[in-house]
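Engineer: Structure provided below as structure tokens; questions to follow.
The values are calculated or read from the model by the stated rules, or taken from the named source; none is laboratory data. Just so you know, these numbers come straight off a predicted model, no measurement behind them. Using ideal geometry, Cβ is built from the backbone for each residue, glycine included, and neighbour counts are taken over all protein chains shown. Protein only, heavy atoms only, side chains kept; ligands, DNA and RNA dropped before computing areas. Shrake-Rupley method; radii C 1.70, N 1.55, O 1.52, S 1.80 Å.
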Amino acid sequence: MTEPVPSIGQALEERSRLLATAFRLLGTTAEAEDAVQEGYARWFRLSEQEQAEIRNPGAWLTTVVSRVCLDVLGSARARREQYVGPWLPEPRPSSMLPSASSPADPAERVTLDDEVTSAVMVVLDSLTPAERVAFVLHDVFGLTFAEVAQVVGRTPQACRTLASAARRDVRERRKREAATPADHHRVVEGFLAACATGDLLALLPLLDPDVTVSSDGGGVVRAARNAVHGADRVGRFVLGLLAKDPSLTFDDELVEGRTGLVLRRAGEVAAVVTFGIAADTVKDIWIVLNPAKLTAWR
């Protein structure tokens, strides 16, 4: 019996999953959409005969899009040297979280609840391009190392080593920030209440002595160009930011699976704030103000 030829519809059905994969690899919606668009452009450049020979369009597109992402990651660090201020991954509403597949071997998975939170996205950005691709494709989306090897251009064993190195970094970060979602929510709610009163003395106990706040305005909107360190300085910075603009309102909302803050001005989202929580205190604050990274909130 002749096997059915993959249809255009089958290829297009993969778009949502491809966007989720590309976003985890690149950290912004715009770059993810460009990578997926390039993947489809390469699919449609194939002849009908070449398409007919591809029995799994989803796997083919995943490989192509992941290779595009790997190329983008290779040039991203050079581009970010010209970025104005800190570069942060794009925060996304929890409703946009991608579905993930888990590897068969539980030892080859991210620990805890397998969430890829904003804190983990920051860690991913510190990995080498090959480590990030190997880790995301295998640990988050469940590809085999043989499939990952086709993307990275290395042996399956080398890809296993890359993913293992990345996994150690992620686990180490989670060990330092071992707050459960409930504890995370409680600390953020306390932070929100203290900010609402404008009381520095109420805010300071919630901040780790070495807390850091990073603001990403991308040179488009006003933001601190350098990270701010230390509980007292961070507390004054946060309260000063809110006091300077009384029109700002802020609400707690789920961001990447954890409680964060969404700041609005006249109903429009002006910033999204995410947190790293450790030992019942705020260890990191990431403030994204760059409008290009807030499109999902509009």
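Engineer: Quick one: is THR259 hydroxyl-bearing (Ser, Thr, Tyr), open to solvent by 60 Å² or more (accessible area, probe 1.4 Å) and over 18 Å from LEU201 (Cα atoms)? Walk me through it before giving the result.
Structural biologist: Numbers: hydroxyl-bearing (Ser, Thr, Tyr): yes; open to solvent by 60 Å² or more (accessible area, probe 1.4 Å): no; over 18 Å from LEU201 (Cα atoms): yes.
In short, no.
Engineer: Checking the conditions here, which among ARG154, ARG160, ARG171 is assigned to a loop (DSSP other than H, G, I, E, B) and open to solvent by 40 Å² or more (accessible area, probe 1.4 Å)? Before you say what the answer is, go through the steps one by one.
Structural biologist: On the way: ARG160 fails: assigned to a loop (DSSP other than H, G, I, E, B); ARG171 fails: assigned to a loop (DSSP other than H, G, I, E, B).
Result: ARG154 is the single residue among ARG154, ARG160, ARG171 that is assigned to a loop (DSSP other than H, G, I, E, B) and open to solvent by 40 Å² or more (accessible area, probe 1.4 Å).
Engineer: Can you find even one residue in the stretch 55-69 that is within 30 Å of ALA224 (Cα to Cα) and modelled with pLDDT of 90 or more? Reasoning before the result, please.
Structural biologist: Taking the stretch 55-69 as the starting set, the residues that turn out to be within 30 Å of ALA224 (Cα to Cα) are 69.
Narrowing further to those that are modelled with pLDDT of 90 or more: 69.
Looking through the stretch 55-69, at least one residue is within 30 Å of ALA224 (Cα to Cα) and modelled with pLDDT of 90 or more.
Engineer: A further question on this structure: Return the only residue of ARG92, ARG80 being buried (at least 19 other Cβ atoms within 10 Å of the Cβ) and at pLDDT below 90.
Structural biologist: Numbers: ARG80 fails: buried (at least 19 other Cβ atoms within 10 Å of the Cβ).
Selected residue: ARG92, the only one of ARG92, ARG80 that is buried (at least 19 other Cβ atoms within 10 Å of the Cβ) and at pLDDT below 90.
Engineer: Select, from THR249, THR212, the only residue that is assigned to a strand (DSSP E or B), of a type in the set (Val, Ile, Thr) and farther than 23 Å from THR117 by Cα. It would help to see each step written out before you state the result.
Structural biologist: Details: THR212 fails: farther than 23 Å from THR117 by Cα.
Exactly one residue qualifies, and that residue is THR249.
Engineer: Among the residues in the stretch 98-112, are any modelled with pLDDT of 90 or more, at negative phi and either open to solvent by 20 Å² or more (accessible area, probe 1.4 Å) or not in a loop (DSSP other than H, G, I, E, B) (or both)? Spell out the reasoning first.
Structural biologist: Of the stretch 98-112, the ones modelled with pLDDT of 90 or more are none.
Within the stretch 98-112 (the criterion being modelled with pLDDT of 90 or more, at negative phi and either open to solvent by 20 Å² or more (accessible area, probe 1.4 Å) or not in a loop (DSSP other than H, G, I, E, B) (or both)), the answer is no, since none of the residues qualifies.
Engineer: Quick check on the stretch 47-65: of everything there that is of a type in the set (A, V, I, L, M) and open to solvent by less than 40 Å² (accessible area, probe 1.4 Å), which residue is farthest from the chain's Cα centre (by Cα)?
Structural biologist: The first filter runs over the stretch 47-65 and keeps only residues of a type in the set (A, V, I, L, M), leaving 52, 54, 59, 61, 64-65.
Pick out the ones that are also open to solvent by less than 40 Å² (accessible area, probe 1.4 Å) and you get 52, 54, 61, 64-65.
Numbers: ALA52: 35, ILE54: 31, LEU61: 21, VAL64: 21, VAL65: 17 Å.
Ranking the qualifying residues of the stretch 47-65, first place goes to ALA52.
Engineer: Right, something else. For the stretch 228-244, what are the residues that are open to solvent by less than 60 Å² (accessible area, probe 1.4 Å) and more than 13 Å from CYS195 (Cβ to Cβ)? Walk me through it before giving the result.
Structural biologist: Narrowing the stretch 228-244 to residues open to solvent by less than 60 Å² (accessible area, probe 1.4 Å): 228, 230-231, 234-235, 237-240, 242.
If the condition is that a residue be open to solvent by less than 60 Å² (accessible area, probe 1.4 Å) and more than 13 Å from CYS195 (Cβ to Cβ), then VAL228, GLY230, ALA231 are the ones that fit.
Engineer: Scan the stretch 226-266 residue by residue and report those that are acidic (Asp, Glu) and farther than 27 Å from SER95 by Cβ.
Structural biologist: Taking the stretch 226-266 as the starting set, the residues that turn out to be acidic (Asp, Glu) are 232, 245, 251-253, 256.
Scanning the stretch 226-266 gives ASP232, ASP245.
Engineer: OK, next. Quick check, is GLY235 at positive phi and modelled with pLDDT of 95 or more? Explain how you work it out, then say what you get.
Structural biologist: On the way: at positive phi: no; modelled with pLDDT of 95 or more: yes.
Considered against the rule, which asks whether it is at positive phi and modelled with pLDDT of 95 or more, GLY235 comes out as no.
Engineer: Now for a different question. For residues that are over 16 Å from LEU242 (Cβ atoms) and without any contact (Cβ under 8 Å) to a residue 60 or more places away in the chain, scanning just the stretch 267-285, find the one that is least open to solvent (accessible area, probe 1.4 Å).
Structural biologist: This residue is GLY267.
Engineer: If we scan the stretch 198-206, do we find a residue that is within 19 Å of THR259 (Cβ to Cβ), aliphatic (A, V, I, L, M), open to solvent by 20 Å² or more (accessible area, probe 1.4 Å) and in contact (Cβ under 8 Å) with a residue 12 or more places away in the chain?
Structural biologist: First, the residues of the stretch 198-206 that are within 19 Å of THR259 (Cβ to Cβ): 202-203, 205-206.
Imposing the further condition that a residue be aliphatic (A, V, I, L, M) reduces the set to 202-203, 206.
Now drop any that are not open to solvent by 20 Å² or more (accessible area, probe 1.4 Å), which leaves 202, 206.
Right, trim to in contact (Cβ under 8 Å) with a residue 12 or more places away in the chain and you get 206.
Within the stretch 198-206, one or more residues are within 19 Å of THR259 (Cβ to Cβ), aliphatic (A, V, I, L, M), open to solvent by 20 Å² or more (accessible area, probe 1.4 Å) and in contact (Cβ under 8 Å) with a residue 12 or more places away in the chain.
Engineer: Give the stretch 254-298 a look and list any residue that's closer than 19 Å to THR180 by Cα and of a type in the set (Val, Ile, Thr), or say none.
Structural biologist: Passing the criteria: VAL255, THR259, VAL273, THR274, ILE277, THR281, VAL282, ILE285.
Engineer: Sort out which residues of the stretch 209-227 are open to solvent by 60 Å² or more (accessible area, probe 1.4 Å) and modelled with pLDDT under 95, and write them in order of number. Please lay out each step first, then the result.
Structural biologist: Initial filter on the stretch 209-227 (open to solvent by 60 Å² or more (accessible area, probe 1.4 Å)): 209-210, 220, 222, 225-226.
If the condition is that a residue be open to solvent by 60 Å² or more (accessible area, probe 1.4 Å) and modelled with pLDDT under 95, then VAL220, ARG222, ARG225, ASN226 are the ones that fit.
Engineer: How many residues are open to solvent by 60 Å² or more (accessible area, probe 1.4 Å) and assigned to a helix (DSSP H, G or I) if we restrict to the stretch 129-151? Steps first, answer last, please.
Structural biologist: Just the residues of the stretch 129-151 that are open to solvent by 60 Å² or more (accessible area, probe 1.4 Å), to begin with: 144, 147, 150.
From what's left, assigned to a helix (DSSP H, G or I): 147, 150.
Qualifying residue count for the region: 2.
Engineer: Starting from the stretch 46-68, take each residue that is farther than 26 Å from ARG24 by Cβ and list its partners that are open to solvent by 40 Å² or more (accessible area, probe 1.4 Å) and hydrophobic (A, V, I, L, M, F, W, C), counting only C-beta distances under 7 angstrom and pairs at least six apart or across chains.
Structural biologist: ALA52/VAL5
Engineer: Please work out which one of (1) under 24 Å from THR295 (Cα atoms); (2) modelled with pLDDT of 90 or more; (3) touching a strand residue (DSSP E or B) at 6+ places or on another chain (Cβ under 7 Å) is the condition SER247 fails and give its number.
Structural biologist: Answer for SER247: the failing condition is (2).
Engineer: Same structure again: If I filter the stretch 243-256 for residues that are more than 19 Å from ARG186 (Cβ to Cβ) and in contact with a Phe, Trp or Tyr (Cβ under 9 Å, 6 or more places away or on another chain), do I get at least one hit?
Structural biologist: Going residue by residue through the stretch 243-256, those that are more than 19 Å from ARG186 (Cβ to Cβ) are 243-249.
Retained after the next criterion (residues that are in contact with a Phe, Trp or Tyr (Cβ under 9 Å, 6 or more places away or on another chain)): none.
Scanning the stretch 243-256, I find no residue that is more than 19 Å from ARG186 (Cβ to Cβ) and in contact with a Phe, Trp or Tyr (Cβ under 9 Å, 6 or more places away or on another chain), so the answer is no.
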